[in-house]
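Have a look at the structure below before the remarks.
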Amino acid sequence: MFQRVEFVRFPYASFDEVFIMVSNPDILDGVSLAADAIVTNGEFRRWLIQQTKFSKHAVNAISQSECQKKSRSPNAKNWWQDYWIVSNECSCKKCDGRPTDFLCIFKTPDDFRFAIHAKIVRDHSNLTLKMAQGYRQRAECWKSSSKTADTIVAHNEATTLLISRKGYTPKDPSVTANFESFVHIEDIMAELAT
């Protein structure tokens, strides 16, 4: 079976960099490119924020990636991926130690800070109701700095986002009610390629 190969030039790259992308890329690779673009590409950052309830802040919001990087353990792979805290570090005692796949915190000029908690649904993932409910719980809990660990950058509000391929259907349809917004990886890749 042959796959179509595309050469995509990303305008936000700081040097002439060309990515080779197959028509069915790993979703985590796409999200990693999106995380880089949140920091370096204002148009992409605005587009992503516009997909959430914080769309009115899209024009002026600045990524807090540097703050996130400084707050993380030195062993953390990167600033955006796999945030979690154990229950005894959180006063709500409901944060169950499961990770938030993708956490981005933004700040506006008037010091309003908001977070996007995204679940990345990889191919053949089984997103359970308990996992989905955990995203909503952590989004609510972590926006209160008095309740959570120092590794979470302070913010005022939060939202939940589900990132999947087009056509993804969870085994339990009620899981989607725990996410306020949805974005397809194909749309992310198309936006990055413009």
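Computed from the coordinates by the stated procedures, all read-outs in this text should not be read as laboratory data. Note that this is a predicted model, so its numbers are computed, not measured. Because the Cβ atoms are built from the backbone with ideal geometry, glycine has one as well, and the counts that use them run over all protein chains shown.
Structural remarks
- Shown here for the stretch 134-186: trypsin sites (Lys or Arg not before Pro) in loop regions (DSSP other than H, G, I, E, B) with at most 15 other Cβ atoms within 10 Å, namely Arg165, Lys166, Lys171.
- With a threshold of 20 Å on the Cα-Cα distance, the over-threshold entries among Lys130/Lys171; Lys56/Lys107; Lys107/Lys143; Lys130/Lys166; Lys143/Lys171; Lys70/Lys143 are Lys130/Lys166; Lys143/Lys171.
- Charge tally for Ile120 (other residues, Cβ to Cβ under 12 Å; Lys, Arg +1; Asp, Glu -1): -2.
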